[in-house]
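Read through the structure below, which is laid out as structure tokens, and then see the notes.
What follows is calculated from the coordinates using simple rules that are stated; it is not laboratory data. Nothing here was measured: the structure is a model prediction, and the numbers come from that model. FYI the Cβ positions are ideal-geometry reconstructions off the backbone, even for glycines, and counts take in every protein chain you see.
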Amino acid sequence: MKRIGVDVGGTFTDLIYVDDEKVEVYKTSTTPEDPSKGIMTGIEALCEITGTKPEEIDEIFHGTTIATNMVLEKKGSRVGLITTEGFRDVLHTARHKRTYNFSITQELPWQSTPLARRRDRYEVTERIVPPNGEVYKELDENQVRDVVKKLKNDGVSAIAVCFMFSFINPSHEERVREIIKEEIPDAYISLRSEVAPQFREYESFTTTCLNSYVGPKTAAYIDNLIKTLKDSGFVNANLHLMQSAGGVATGEAAAEKPVNLLMSGPVGGVLGAIWTTKLTGLKNVITLDIGGTSADLSVLSDLKPGMKHLLDTQVGGFTAMVPMIDISTIGAGGGSIAFIDEGGFFRVGPQSAGAVPGPACYDRGGVEPTVTDANILLGRLGTELLGGRMTIRPELAEKAIEEKLGKALDQSIEECALGIIDIMNNNMIQAIEKDSVRRGLDPRDFALFACGGAGALHACSVARALGMKNVIIPVNPGALCAVGLVTTDLLYDYSKTEMVMSTAMDYERLNRDYQNLESLALERLAEDKVADKDVTIARFAECRYQGQGYELRVPVLSGTLDEEKLETLKEEFHKAHEAFFGKFYPETPVEIATIRVEGVGAMPDFEATKIKEGTEDSSVAKTGSRETIFREGDEIKHYEAAIYDRSKLLAGNVVNGPAIINQMDTTIVVEPNCKATVNEYGVIVIDIA
């Protein structure tokens, strides 16, 4: 099987080609005005390099930030909301949570830039009531039709339908969809009962509106990409898109529920890190994925990704009530701009030079000093990147740093460049401590997994500051998100609110609802033509103690749920609660708030390839040397660092720092007193002194 993984970042688009015999990586500049242009440039280049015909490609896996960027940049579609009488302003009142409790001037995105403006929010007569979904008030279909006509006249074609307790009985929402289709045949429609069938009105209303907000443009982007691929000869290639929960969905499924693509961009890196770390024998890692614009962090204890609680999954200030792997993002990347703020403080990021104009040294019109410019002047980056396809001009980096920083700070260019790196590293150190130490995890028990185009440049410094003993550098660190894409499986998630106590368990209802959710997952996988032998169904329950307002996810045994399996579920919840909060309460009744089913369609395995074996002597890969600059304590030291070509390193080779290891998609800095060893799969493990 021939597969291509494509990850579109803010600065570069990373691609990987995989078949039964070879792996090839390619990197090209992102085209922000139309990401599909950069994608097609990279895919066609990979096919030419590998001698593969377009029609021979079987699968294309795509990680995209298009939906996320739409929310962050406020460029989604105009959304109309149809809701139950009395609940028109749920999106506005929200939870009364404020970033600054006592500020009367702060901007609240759900009020200043609502997903559906008040003029586009309409109430209709209807009411479903719990606990069994009885119809308290019949749906006024004439009123619904009048509302839909008003939305049509106002030019609204993306509509969210959010009725109270529709997750128990969706019949009213389904009827409204029928009416909308009669009046606006091409409307993009999202139903709460399908997008977010869970309790908590504000969160589920917002999630449904988000789906409609990003839906039309995301669907158009996916359709256009599929058409472009077919027109370019990739007639047999199935397109899959990465989701925030960690699996991929087909293009058709992603277009139906694009809210699942939000924050999916960094997920590929986490999956690639898990796959790669298994090749080293290490068990605990913290991923540091530094790209051109941002850095993504994830703590993987025992190589298991954590999942964010559904109340913590936000994008651009809006709650997105969809499963997401726990990843933190900070504005620290190779393109992060260094500047002096109004108070005279030296800062780096979160503003980024991006792909256009890029760092000053790229000679594309950029004039602001960036992290990349600092690494150039410190000798850590060479004058050619992307395997020689990009030529760097160090004199432009020097000019930018001197004019923007040196004169203002009255410091030398070296001091300014080291200051940029120190601030950049400190930003990442603080973020890692927040995600580990504050959760009761000691980073000294973890290895640092460095990936992204700039991760390996900063890894040794960050690891040393945190007391970590090892740094892992994968074979293709600059394209790890693309690697993660081709190692993942199809995944579909379905959920339903239950609100049932362990002391008053309704086994019949729970078993029926689990079976219904499993049927939905199986139907979706069958539509994707996944063979029965490749299908796996997993059950989960989101539980809490009686009186709590925060749930934890625990696995549920397959088969008919009974008293014995309930006891197992409760034990798993007690363990999870103790691990997360440090305490558990075995005498307190447990409430199952929501049940969840994941349907997984296994994709063919991506087998790691062993490299040629060598000795500790790495001189065969040495290509030269250059002066590099490091800060050791309060001293600035100059070293003559050996330069190596990673493609020539053999299994067992050892590289002692200071050294620079070059490859097409990244540059690895082995700092003084550190030792890098190449394992049998080509993965580099650096021992930190």
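List of remarks:
- Rounded tilt (10° steps) of 267-277 against the dominant C-alpha axis of the chain: 60
- Projecting the Cα atoms of PRO350, VAL135, GLY246 onto the dipole axis of the chain, where Lys and Arg carry +1 and Asp and Glu carry -1 at the beta carbon, places PRO350 farthest toward the positive end.
- Between the amide H of ALA158 and those of GLY80, TYR188, distances stay under 5 Å, these residues lying 5 or more places away or on another chain, with hydrogens modeled in the peptide plane.
- Dipole axis of the chain (+1 Lys, Arg; -1 Asp, Glu on Cβ), positive-most option in GLY316, PHE87, SER103: SER103
- Point-charge dipole on Cβ atoms (K/R +1, D/E -1) for the chain, about Cα centre, debye to 20: 1020
- Rounded tilt (10° steps) of 413-436 against the dominant C-alpha axis of the chain: 40
- Multiplying the residue separation of LEU311 and GLU384 by 0.36 nm and removing their Cα-Cα distance gives an extension gain of 21.8 nm.
- Once you divide the Cα radius of gyration of region 389-527 by 2.2 N^0.38 Å, the number left is 1.74.
- Taking 0.36 nm per residue of separation and subtracting the current Cα-Cα distance, fully stretching the chain between SER619 and HIS92 would add 183.2 nm.
- Beta bridges per DSSP with both ends in the chain, % antiparallel, nearest 5: 70
- Cα-based reach from LYS181 at 17 Å (exclusive), listing lysines while leaving out same-chain residues under 8 positions away: LYS149, LYS150, LYS152
- Computed over the alpha-carbon pairs of region 490-601, the distance histogram in 10 Å steps reads 14, 45, 28, 11, 1 percent, short to long.
- What separates the Cα centres of region 215-272 and region 360-378 is a distance of 33 Å.
- Panel note: the C-alpha atoms of region 90-237, placed on their principal axes, show extents of 55, 43, 33 Å (largest first).
- Separation of alpha-carbon centers, region 116-173 and region 540-607, rounded to whole Å: 33
- Cβ-Cβ FRET estimate between GLU55 and LYS181, R0 fixed at 45 Å, reported to 0.05: 0.75
- Cβ-derived FRET efficiency at R0 25 Å, PHE581 paired with ASP506, nearest 0.05: 0.35
- Pair-distance profile P(r), taking every C-alpha pair of region 151-298, with 10 angstrom steps and integer %: 10, 29, 30, 20, 9, 2, 0
- Label-to-label distance, THR228 versus ASP562, with points set 7 angstrom from Cα along the beta-carbon direction: 5.6 nm.
- Simple spin-label estimate for GLN548 and VAL654 in nanometres, 7 Å along Cα-Cβ: 4.9
- Distant alpha-carbon pairs in region 338-459 (separation over 25 angstrom), percent: 29
- Rounded to the nearest 10 degrees, the inclination of helix 455-466 to the longest alpha-carbon principal axis of the chain is 90 degrees.
- Each Lys and Arg Cβ is given +1 and each Asp and Glu Cβ -1; about its Cα centre, region 165-278 then shows a dipole of about 460 debye.
- Reduced Cα scattering model of the chain, Debye log10 I(q)/I(0), q = 0.05, 0.07, 0.08 Å⁻¹: -0.25, -0.50, -0.65
- In order along region 94-110, phi translates into HN-Hα couplings of 6, 10, 6, 8, 10, 4, 10, 4, 10, 8, 9, 10, 5, 8, 10, x, 6 Hz, rounded to whole numbers, per the Karplus curve 6.51 cos²θ - 1.76 cosθ + 1.60 with θ = phi - 60° and x for Gly and Pro.
- The P(r) of region 359-415 has a tail past 16 Å containing 36 percent of all C-alpha pairs.
- Extending 7 Å from Cα along the Cβ direction at ASN132 and again at ASP634 yields two label points whose distance is 7.9 nm.
- Contact order relative to length of region 648-689, as percent, for alpha carbon pairs under 8 angstrom and 6 or more apart: 38
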